[in-house]
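Participant: Here you go, one structure.
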Amino acid sequence: MLKSDLYSFLDSAISVYHTSSRIREYLLSNGFCELKEDEKFSLNRGGKYFVVRNSCAVIAFTVPEKFDSFSIISSHIDSPTFKVKVNPMIKKATGCTLNVEPYGGMLVYSFFDRPSDIAGRVFVLEDGKVRERLFSFSRPVCSLVSLAIHQNRKANESLSFSMQNEVQPILSLPGEKDDLLDAVADILKVKKDQILSYDLFLANTEKAEEWGLNREFFSSARIDDLSSAYLSVRALSECESGRRINIAALFNNEEVGSSSNEGALSTFLSDTISRISSALDISDEERLVMYSKSLVISSDNAHAKHPCFESKSDVTNTVRLNGGVVIKYSANLKYTTDAYSAACIKALMIDNNIKYQEFVNNSDVPGGSTLGNLSLHRAGIATCDVGMPQLAMHSSYETAGVEDIESMYRLFCAFYKKR
């Protein structure tokens, strides 16, 4: 079942590296062939392929027998959390805490009092070689613990934190086993001095849950933007292509500006398209012609109107949970939607009886940007920003509407099937 499969994915995708691993397993089990960036691409018409960069970003694509353009859905797999610093242990008489730093712009208070796993990847030296290991404790091991109201009487009047001194997850009591890297080494069955480096993050392990009087809502960690990532890959694997090379591009580091080797500002997508073109004997001229006929969906979730804070939303454009796919607009091009790309996506949804709604920021409450205006700025392909409506974006535990899962999936399927 689509929604239960999404919930399971959200539960297990506790770091970008676990997310990429799950996506890789899914693609391999559905007949996709893995390509390597350090090897020449060899492609066949009718084939299904994917490539992974730096163990996180994934680009998957299908090649029909005949094609004249590209259909691309881009999303991101990172979410705001806290990253464990190097030399992380802070040992005190009352307890051992971790030195962490914020990754992305989160609602900090929402991360308190939620016991968390620590997950990511670790590089170790084994037999004289550097090896990468996927890592998690598979259980909660630390927690950012609040100060009691009796000792912070103004806590409900305003919230501010010293990110260095007050945002330190408690890991253990002082004792023989009070060091994070010792524990990591034990799980990996290596010696501590074999650990060379790591990318480790706090990971909320709360399960996705449906709630509401009619079970109309669901809450989970990492809804933004793993819902788009999962649904786009699933649609790619399940929907037969029309006359377009279908691509699902899952980037990392959107929450911190995308300017990494695996982010939307990198050459990953443009390099991959160039290599696809070369392997299929598409000339540069033919590829540019294909670009002119192509369309991109930049899929990153959108703000629904909050019933307790309605004044924060636009006065004439109301986005509701379970109201359907959101098309996002911005005059200053924080989103890339224009009248042409919006018309193309609207027509597709009308033809397929898919609910949609439209979002524009309240002019006094500027919102964030997304990756649509980054990932293909060199290619010049028409792009429409869309998303699933949600509340509590960038909270440790976000909320969305159950019916919108199906709406997003149906849009992605219709987009990939379009001739």
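The values are calculated or read from the model by the stated rules, or taken from the named source; none is laboratory data. This one's a predicted model, so the numbers in the text were calculated from it and none came from an experiment. As a convention, Cβ positions derive from the backbone with ideal geometry for all residues, glycine included, and neighbour counts pool all protein chains shown. Ligands, DNA and RNA are stripped out before the accessible areas are found, and what is left, the full protein with its side chains, is counted by its heavy atoms. Shrake-Rupley method; radii C 1.70, N 1.55, O 1.52, S 1.80 Å.
Participant: When the residues of the range 55-88 are narrowed to those that are aromatic (Phe, Trp, Tyr) and assigned to a strand (DSSP E or B), which ends up farthest from the chain's Cα centre (by Cα)?
Facilitator: Ranking the qualifying residues of the range 55-88, first place goes to PHE70.
Participant: Report, by residue number, each residue of the range 285-322 that is open to solvent by 40 Å² or more (accessible area, probe 1.4 Å) and β-branched (Val, Ile, Thr).
Facilitator: Of everything in the range 285-322, those that are open to solvent by 40 Å² or more (accessible area, probe 1.4 Å) and β-branched (Val, Ile, Thr) turn out to be VAL289, VAL315, THR316, THR318.
Participant: I want to confirm something. Restricting to the range 117-131 and keeping residues that are touching a residue at least 40 places away in the same chain (Cβ under 8 Å) and over 19 Å from the mean Cα position of the chain (by Cα), which single residue is farthest from SER197 (Cα to Cα)?
Facilitator: Here the residue is GLU126.
Participant: Can you tell me which of ALA264, ALA249, ALA229 is buried (at least 24 other Cβ atoms within 10 Å of the Cβ), at pLDDT below 95 and out of contact with any Cys (no Cβ under 7 Å at 6 or more places or on another chain)?
Facilitator: Of the residues listed, the single one that is buried (at least 24 other Cβ atoms within 10 Å of the Cβ), at pLDDT below 95 and out of contact with any Cys (no Cβ under 7 Å at 6 or more places or on another chain) is ALA264.
Participant: Mind checking which residues of the range 23-39 are of a type outside the set (Gly, Ala, Ser), surrounded by fewer than 16 Cβ atoms within 10 Å (Cβ to Cβ) and out of contact with any Ser or Thr (no Cβ under 6 Å at 6 or more places or on another chain)?
Facilitator: Matches in the range 23-39: GLU25, LEU28, CYS33, GLU34, LYS36, GLU37, ASP38, GLU39.
Participant: While we're looking at this one, here's another question. How do the pairs read when you match residues in the range 237-249 that are assigned to a helix (DSSP H, G or I) with residues anywhere that are open to solvent by 20 Å² or more (accessible area, probe 1.4 Å), using Cβ under 6 Å and keeping only pairs 6 or more apart or on different chains?
Facilitator: If the second residue must be open to solvent by 20 Å² or more (accessible area, probe 1.4 Å), the pairs left are SER237/ASN30.
Residue by residue, here is whether (1) open to solvent by 10 Å² or more (accessible area, probe 1.4 Å); (2) aromatic (Phe, Trp, Tyr); (3) modelled with pLDDT of 95 or more holds:
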| residue | (1), (2), (3) |
| --- | --- |
| ASN373 | yes, no, no |
| PRO389 | no, no, yes |
| HIS394 | yes, no, yes |
| ALA400 | no, no, yes |
| ASP404 | no, no, yes |
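Participant: Sort out which residues of the range 186-215 are surrounded by 15 or more Cβ atoms within 10 Å (Cβ to Cβ) and part of a loop (DSSP other than H, G, I, E, B), and write them in order of number.
Facilitator: VAL190, THR205, GLU206, ALA208, listed by residue number.
Participant: From the list LEU147, LEU159, which one is more than 31 Å from the chain's Cα centre (by Cα), open to solvent by 50 Å² or more (accessible area, probe 1.4 Å) and more than 20 Å from ALA221 (Cβ to Cβ)?
Facilitator: One residue alone meets the criteria, LEU147.
Participant: Counting only residues that are part of a loop (DSSP other than H, G, I, E, B), open to solvent by less than 50 Å² (accessible area, probe 1.4 Å) and touching a residue at least 24 places away in the same chain (Cβ under 8 Å), which one in the range 40-54 is farthest from ALA264 (Cα to Cα)?
Facilitator: So the residue we want is LEU43.
Participant: Name the residue that is nearest to SER294 (Cα to Cα), counting only residues in the range 232-246 that are of a type in the set (Ser, Thr, Tyr) and modelled with pLDDT of 95 or more.
Facilitator: Once the filter is applied, the top-ranked residue is SER232.
Participant: Taking into account only those residues within the range 165-181 that are in a loop (DSSP other than H, G, I, E, B) and open to solvent by less than 80 Å² (accessible area, probe 1.4 Å), which is farthest from LEU107 (Cα to Cα)?
Facilitator: Restricting to residues being in a loop (DSSP other than H, G, I, E, B) and open to solvent by less than 80 Å² (accessible area, probe 1.4 Å), the top hit is GLY175.
Participant: Also: Filter the range 7-22 down to the residues that are under 20 Å from PRO80 (Cβ atoms) and either crowded, with 22+ Cβ neighbours inside 10 Å or not charged (D, E, K, R) (or both) and list them by number.
Facilitator: PHE9, LEU10, SER12, ALA13, ILE14, SER15, VAL16, TYR17, HIS18, THR19, SER20
Participant: Can you say whether ILE276 is out of contact with any helix residue (DSSP H, G or I) (no Cβ under 7 Å at 6 or more places or on another chain), open to solvent by less than 40 Å² (accessible area, probe 1.4 Å) and in a strand (DSSP E or B), as far as the supplied structure shows?
Facilitator: So ILE276 does not fit the description; no.
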